[in-house]
Amino acid sequence: MPVSHPDPDPLAWWQRDVIYQIYPRSFADANSDGVGDLRGIREHLDYLNDGTDASLGVGAIWMSPFYPSPMADFGYDVADYTDVDPVFGTLDDFDDLLEAAHERDIKVIVDWVPNHTSDQHPWFIESASSRDNPRRNWYVWRDPAPDGGPPNNWRSSFPAVGAAWTFHEQTGQYYLHSFAPQQPDLDWDNPEVEAAMHDVLRFWLNRGVNGFRIDVVYKLAKDPELRDNEPDRAHDQDWPTIHDRLRRIRRVIDEYDGRMIAGEVYLLDLQQVVEYINSGDELHLAHNFVFLRLPWDAMAFRMSVREFLELADSAAWPAWFLENHDHSRVPTRYAGPEPGSGALRGRTAAMLVCALRGTPFLYYGQELGLPDAEIPPGRIVDLDGRDPERAPMPWRRPSRVGPGAGFTTSEPWLPLVADAERLCVEAQQEDPRSTLAFVRELIHLRSREPALRSGIQRLVNAGPGLFCFERRLDQPGQRFLVALNFTSRDVPLQLEEDLASDAELTLSTDPGLERGTTDPKTLTLHPDEGLILRLP
Ligand code: NOJ
């Protein structure tokens, strides 16, 4: 039975709005040093949301780290949690950005990196200075194994790094790093660490941020006995202590009104993922990497969505994303053998993410259908092969403004995508058939139609190769059918049930398709096409 909502929009901002991830190095460079910065973001807020249909219409931005950092992991190695790296600007620039965003009713989410600091953070420098330093136990130090090797079999999440331990000659012990050696893990079993990291949250909450994305939240609790990982049991993550730890983080967040935490729960078992949101007093949103890693296959998506919904508590709110700064972009990752299929799939993927019940996250450039950039060997800078998805945003036609494409007037820190001339914002803004025009319309449709935000969701059978679902509210005109073709063939919409014959074609990924009244029974979806129909 459809649930009726007396209030047309009973949702919190983080449920209602599209959240747009910005990788600050790559968004817009205001001071011409080749690296994006906070002022660059501020200068482009109108593009994101100026209150009219001409802008993208996102309701929140999440910015990857901009804190002082030696940049061994491009900011995910934080040397000072409460300041801004000079390459990105100053704290004043941050306050200006926050104020300007709030003026446009854009919420601001910052990245909190609590599992590890930089090895240049003063805490680690102290901790490493001697075995009896008062901060020694802020990090995880252990004696070598009897053979002189690392204390256990834990591996860094970066394959190129190998063991998660580095020997420190000066004090004769190993320290733990779940990522690069320049990112030593804090010891969250130490209450002083926990309190200090809570204060970091309060610093940004007091400045007025609306929420946090929590980096590798599942790593904040490990087996305190540091036992070896076993094939069926990881001891270096998702330890049961995580849930109380997260509740205490949530209590800090709840000291403030209307704030939100979204966590990177990179666990590939959905049962474990939902445990971070089900109890209602831990994360508000969990990034679901099972979904991101699915093959381009209707059944795979349908089953994974269904599994998530079956496991998630009814009060738990889903979040959906298919791109971020750690994964190949959709048009490249999902490109099929047919030319142009990657671009088509990029649109359909955006429709999927924005039409499913839950909060959509889009990654900067996803609205342009950016593919991965080609990075020549001499330009590789990331230790884990993630440069291609971090290429600078192409704003303007290189033929008009030079090779920096409006991102920068100097040499960009990473090469831009090859086809910036055609893919840039300027070109797409002039073309009503562009991916940008499509995604903008999709976001505005979602904002206009309460059923697409808070409506119930029902998966619908529609024949092989299609993923179909209905979103509806008990209100006139608030019933939509979303149909997505995951194949490279024309596929007729074969609905098992009789859905009325005079539906309205509201939006298609194919800009050539005529809008208006249509009979769903006679509809055929083109290769990789997505449709939203309004049902009577
Ligand atoms: C996850 C982040 O998304 C990634 O970019 C980073 O390298 C690791 N966490 C370590 O902080």
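Here are the numbers for the structure shown:
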| item | result |
| --- | --- |
| Evaluated at q = 0.12, 0.17, 0.20, 0.21 Å⁻¹: base-10 log I(q)/I(0), Debye formula over Cα of the stretch 1-100 | -0.48, -0.80, -1.02, -1.09 |
| Ranked packing of 403-411, 180-188, 153-161, 110-118, most packed first, by mean Cβ within 10 Å | 110-118, 180-188, 403-411, 153-161 |
| Rounded if a/c under 1.5, otherwise prolate or oblate - the stretch 40-90, Cα gyration tensor axes | prolate |
| Distance between the stretch 234-286 and the stretch 297-364 - C-alpha centres, whole angstrom | 22 |
| Fraction of accessible area attributable to carbon and sulfur, the stretch 13-159 (%, probe 1.4 Å) | 46 |
| Relative contact order for the stretch 348-458, counting Cα pairs under 8 Å that sit 6 or more residues apart, in percent | 30 |
| Highest average packing first - 234-244, 78-88, 490-500, Cβ atoms within 10 Å | 78-88, 234-244, 490-500 |
| Acute angle (nearest 10 degrees) that the helix 298-311 long axis makes with the longest principal axis of the chain, alpha-carbon atoms | 60 |
| Computed E for residue 497/residue 190 - FRET, C-beta separation, R0 60 angstrom, nearest 0.05 | 0.55 |
| Label point distance in nm, residue 328-residue 167, each placed 7 Å from Cα along Cα→Cβ | 3.8 |
| Percent carbon-and-sulfur accessible area, the stretch 455-534, ignoring ligands, DNA and RNA, probe 1.4 Å | 45 |
| Estimated translational D of the chain in µm²/s (Stokes, Kirkwood radius over Cα pairs; 25 °C; 0.890 mPa s) | 101 |
| Peptides ranked, highest mean first, by Cβ atoms within 10 Å: ranges 258-266, 130-138 | 258-266, 130-138 |
| Cα long-axis angle, helix 191-207 against the chain (0 to 90 degrees, to the nearest 10) | 50 |
| The chain: angle of helix 435-448 to the longest principal axis, Cα-based, in degrees nearest 10 | 80 |
| Estimated FRET transfer efficiency (residue 281, residue 535; beta-carbon r; R0 41 Å; 0.05) | 0.65 |
| Point-to-point label distance, residue 429-residue 227, nm (Cα→Cβ direction, 7 Å offset) | 5.9 |
| Helix-only [θ]222 nm of the chain, DSSP H runs n ≥ 4, -39500 (n - 2.57) each, per residue, nearest 500 | -7000 deg cm²/dmol |
| Computed over the stretch 367-436, the ratio Rg/Rh where both radii use C-alpha atoms and Rh is Kirkwood | 0.99 |
| Extension gain (nm, one decimal) between residue 310 and residue 294, 0.36 nm per residue minus Cα-Cα | 4.0 nm |
| For the chain, share of DSSP beta bridges that run antiparallel, in % to the nearest 5 | 60 |
| Average accessible surface area per residue within the chain, 1.4 Å rolling probe, Å² | 37 |
| Accessible surface of the stretch 210-312, 1.4 Å probe, proportion on carbon and sulfur as whole % | 46 |
| Two-site label geometry, residue 524 and residue 105: point separation in nm, points 7 Å out along Cα→Cβ | 4.3 |
| Alpha-carbon radius of gyration plus Dmax, which is the widest Cα pair, for the stretch 116-187 in Å | 11.3, 33 |
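The values are calculated or read from the model by the stated rules, or taken from the named source; none is laboratory data. As the structure is a computational prediction, the values presented were derived from the model and not from experiment. We place every Cβ from the backbone using ideal geometry, glycine too, and count neighbours over all the protein chains shown. Keep in mind that these areas ignore ligands, DNA and RNA; they rest on the heavy atoms of the full protein, side chains included. Shrake-Rupley method; radii C 1.70, N 1.55, O 1.52, S 1.80 Å.
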